[in-house]
Each structure stands twice: as C-alpha cells, then as structure tokens.
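The values are calculated or read from the model by the stated rules, or taken from the named source; none is laboratory data. It should be emphasised that the depicted structure is a prediction, and the values quoted were computed from it without experimental measurement. As a convention, Cβ positions derive from the backbone with ideal geometry for all residues, glycine included, and neighbour counts pool all protein chains shown.
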C-alpha cells in the first residue's frame, strides 16, 4: 500500500517554530555586513563570524528534526541580504 503525505504535514516537518525563531535571531547577523559597509568599514572578525554562520547553517540543513529546521531558518534569514541591498540602493538613488 502506498501512503501519501499531505503538503501541510510535510512542510510542518521541514519548517516549524524552530525555523522561525532561527530566522529572527539570524537576520541581524545577515544584515549587519550591509549596514557596516554603508557606514564605511567592516572588520575581519565580523567577516569570519559571518562565514562561520553560513557554514553552520549549511551543515544543519542536512540534519533531521529540529536541527534541520534551525539550519533552514538560518538560511532563510540570509535572504534578507538582497532585500537590504535593494533598500540601500534605493536610498542612495533617492538622495542623488
């Protein structure tokens, strides 16, 4: 007998409260480099921290359960970087 999984149940296992909390907590880490570049500088320590954050997120994505949900949430937070770049570009163009 073939069993099917409903879409909501499947997404509930892949994304959940852990993904949401991880995305909320990781968004400032993802957006901070764009803000620091706007202010004129970025430290090497901060770049190392950002790379480490990305590596941890990619490793966690391949795990099951809550760890995988946290990894997906961390990567979702990195989607805020292009949005932040578009906002910054819009502000620069508007001021010009």
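Being more than 14 Å from the chain's Cα centre (by Cα) and either buried (at least 17 other Cβ atoms within 10 Å of the Cβ) or assigned to a helix (DSSP H, G or I) (or both) is the filter here; which residues of the range 79-96 pass it?
Hits for the range 79-96 are 85, 86, 87, 88, 89, 90, 91, 92, 93, 94, 95.
Please tell me if residue 32 is free of Cβ contacts under 8 Å to residues at least 60 places away in the same chain, farther than 19 Å from residue 17 by Cα and either surrounded by 15 or more Cβ atoms within 10 Å (Cβ to Cβ) or over 16 Å from the mean Cα position of the chain (by Cα) (or both).
When the stated conditions are applied, residue 32 passes them.
Suppose we keep only residues that are at pLDDT 85 or above, in contact with a helix residue (DSSP H, G or I) (Cβ under 8 Å, 6 or more places away or on another chain) and not in a helix (DSSP H, G or I) within the range 37-78. Which one would you say is surrounded by the most Cβ atoms within 10 Å (Cβ to Cβ)?
78
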